[in-house]
1. DSSP loop (so not H, G, I, E, B), at most 15 other Cβ within 10 Å: list which trypsin sites (Lys or Arg not before Pro) in region 458-521 pass both filters.
2. Rounded, prolate or oblate for region 178-243? Axes are the square roots of the Cα gyration tensor eigenvalues, ordered a ≥ b ≥ c, and the cut-off for rounded is a/c under 1.5.
3. Span-like helices, the chain: DSSP H, alpha-carbon axial extent 15 Å or more, mean Kyte-Doolittle 0.5 or greater, which ones?
4. Over the chain, what percent of the accessible surface lies on carbon and sulfur atoms, probe 1.4 Å?
5. With a Cα-only, solvent-free Debye model of region 217-359, what are the log10 I(q)/I(0) values at q = 0.11 Å⁻¹?
6. May I ask for the equivalent-ellipsoid semi-axes of region 632-790, computed as the square root of five times each C-alpha gyration tensor eigenvalue and listed largest first in whole Å?
7. Rounded to the nearest Å, what's the spacing between the alpha carbon centres of region 523-573 and region 36-111? Just the number, please.
8. What Cys residues in the chain have no fellow cysteine's beta-carbon under 4.7 angstrom?
Amino acid sequence: MPGEDRDRDWQIGKVHRKVDAMERMRGITRYTDDLKLPGMLHAKILRSPHPHAKILSIDTSAAEAMPGVFGVVTGQDFRIPYGIIPWTPDENALAVDKVCHVGDGVACVAAVDEDTAIAAIAAIKVEYEELRAFYDPEEALANRDRELTINPYARKGNLSKHVVLEFGDVEGSLEGADLVVAGDYFFEGTTHGAIEPHCAVAQVEPNGILTVWSATQVSHYLHRELSKVLEIPPHQIRVIQPPLGGAFGGKSEPFDLEFCVAKLALVCGRPVKLLYTREEVFYSHRGRHPMKMKYRTGFTKEGKITGVSAKTILDGGAYSSFGLVTTYYSGQLLCAPYDFGSYRFESTRAYTNKPACGPKRGHGSVQPRFAIEIQLDKAAVALGIDPIELRRRNDIGSDSVTVNEFRVGSNGFQECLTRVETASGWQERRPSLPYGQGLGVAGSTYISGTNYPIYPNEMPQAAVQICLDRSGRARVFSGANDIGQGSNTMLAVIVSEELGLPLDDIRVLSADTDLCPVDLGAYSSRITLMVGNACLNAAQKLRRKVCEAVAKRWEIPRKRVVLAKRMALDLENPERNVSSAEAFAWAEADNGLLGEVGSYNTPKDRHGDYRGGTIGASPAYSFTAHLAEVDVDPETGLVDVKTIWVAHDCGKALSKRIVEGQIEGSTYMGFGEALMEQHIVDPEHRGVHTGPNLLDYRMPTFLDTPTIDAMIVEAADANGPYGAKEAGEGPLHSSIPAIANAIYDAVGIRLDTLPFSPPKVLAAIEERQRRVEAGELPPHKAERTARRSA
């Protein structure tokens, strides 16, 4: 309406300080390990030194007899298996009859302090019968000896999940293609690297309620599994997530420590805390799956993709975790932003005697994105087409349907490509860069939440309650888990936008299963779209009530009332206004307690009708383009990433600085995986992790990190609140292949395995030079330029 832009204090799209920023900056935030309860005991877990062994006996008598020890539990206290995916409950809180990897939990002790608990677990005697261990997924799959089946609940030997889906005539499209690019790729496993280790505290209240505080990102699913494993009715359990010090997917399922502290609190009648060491975080893992990928991609001479064939082996570790979904994601999420003429993928997940893999930022789709984007770059070189132009020609566009029948709404991919192309000076600089310097591009897409919950039900995926106070402030109750990504701030911004309140007048209480409505957790980039829509729904209902109450007293139409700047104003006469507190009081007088609820469920028309067709479907998809500039030293193999330009289509940036931070953080994480990170257990040392600490596991520091130029693209989607889509995971994917493609542009080598370490780069450069000298390869363009200059 005329004048509304002038009088409304718009919040959407502005820069906001996170609602909890000052507490964290001042060091007064109370994380889970900061909780200290009267009479609290400390627990430690005895872990297996063997990668694969039967448990013949456990003698806990010496530990139980030690002064200061209050309780001991073993796998016999947790015989009911659990799993985040309801179809694959294949692990116990502590091992029952066998251990499946080094670090598997065997027993847990609660004592007066950590030192006593550590001494007590050392006193526990466990007799093992060692079994052959499998570290290679293909060797594990080839095993036919039932005695050597790794997971005790596995039904098909060491096969965790096998998926084959085909859309169109793939072999025919490849046979008819002008160019077929084939490649074998390997993506090494990586871990999350969150600053805060896992921690849990449990207490039994006088009324029998079991309260568990946990550094989790899935309070609701933890609540469900505690009830199942402990055989306690859900209404007698309360789960609270205190402020979290990072997660990145590493805390998105229940872990052994939560069950152990809960059981020991019940046994001992005192509060119990358990904090992982950094080494335990590495052995609990749930990080990115190592994947072996074999790709064939067909192209016309104009660069259009005719068909894609993908065959993937996933190394799942000892337990399923999210593995069923990961196996599907490794193929299903590849089908945008490009239009595939036909597509087939075969993905096989194997159990191995390693810590279980699970979801890490960009769950399941970062690895195949690495492969396909290098395939596209190889095709661009072979066909003589600019790599950005080749991607433009294959863009699937908006309001489209992928080859695997997912419905795409808004799509800002073309603008993402243009933004990074322009910002980097791609057209001007790339042809003239000297040998050793290069530019590389890649693109990607990601889901804004999964279209269906982890366990089938017809209830909403997200819900929010908002109550307006007579003092003029708002209280927001949300089950969503803020894991540092700023979801509490996002909710406050929406309430601020709708009710005209500053963020300081909005209190957000989240992730407490007693006080907040059910939310499914922080995973698959679901919160902005799903919880944001639920919050918007509730806030708009309250806005209507308040505006109606004011309009009634001013005897004007409701549409003339605007809520802004802690006031209700007459749009046509802004001098006529009352405070928010008075407006809220009028509305409460008219309606009673001024509260509303909002909920959100997904549209059910986003996918095809076939087995597995729902996995990977989403209400909306984000799009990203990365362009990396590298400097490669041909004498040492050292890759110096100078700048990464990244443009991300988030639909609408609800809070600009937070979205920029998510884009930068995702890109940084991909950069680290490209050059440094690898989560490896050593078969020669019986399955021990090669470096389970933050000194030996290499991650980039501030000094290592390149300049990151984050650009927001806003292709608003009808399914998102104010058009918003995800921004927390999508901006990671294509950073890795962009670096790989830039290395090729710099020195002419294709690196199809990760990470791009100096020895690997140097070996590839030397091999290329040998082949050039033998006449097997032509000189790389940059090499010719360097020689002419010399």
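The values are calculated or read from the model by the stated rules, or taken from the named source; none is laboratory data. All values reported here derive from a predicted model rather than from experimental measurement. Don't worry about glycine lacking a Cβ; one is built from the backbone with ideal geometry, like all the others, and counts go over all protein chains shown. Keep in mind that these areas ignore ligands, DNA and RNA; they rest on the heavy atoms of the full protein, side chains included. Shrake-Rupley method; radii C 1.70, N 1.55, O 1.52, S 1.80 Å.
1. Here the trypsin sites (Lys or Arg not before Pro) that fit, given the DSSP loop and packing criteria, are R470.
2. Details: a/c = 4.71, a/b = 2.61, b/c = 1.80.
Since a/c reaches 1.5 and a/b is larger than b/c, the shape of region 178-243 is classed as prolate.
3. Qualifying helices, which must be both long enough and hydrophobic enough, are 256-268, 366-383, 487-499, 735-747.
4. Carbon plus sulfur share of accessible area: 51 percent.
5. The Debye formula, applied to the Cα set alone, gives -0.58.
6. Values: eigenvalues 234, 111, 34 Å².
Those come to 34, 24, 13 Å.
7. Region 523-573 and region 36-111 have Cα centres separated by 52 Å.
8. Cysteines lacking a close Cβ partner in the chain: C100, C199, C268, C335, C357, C416, C467, C516, C535, C547, C650.
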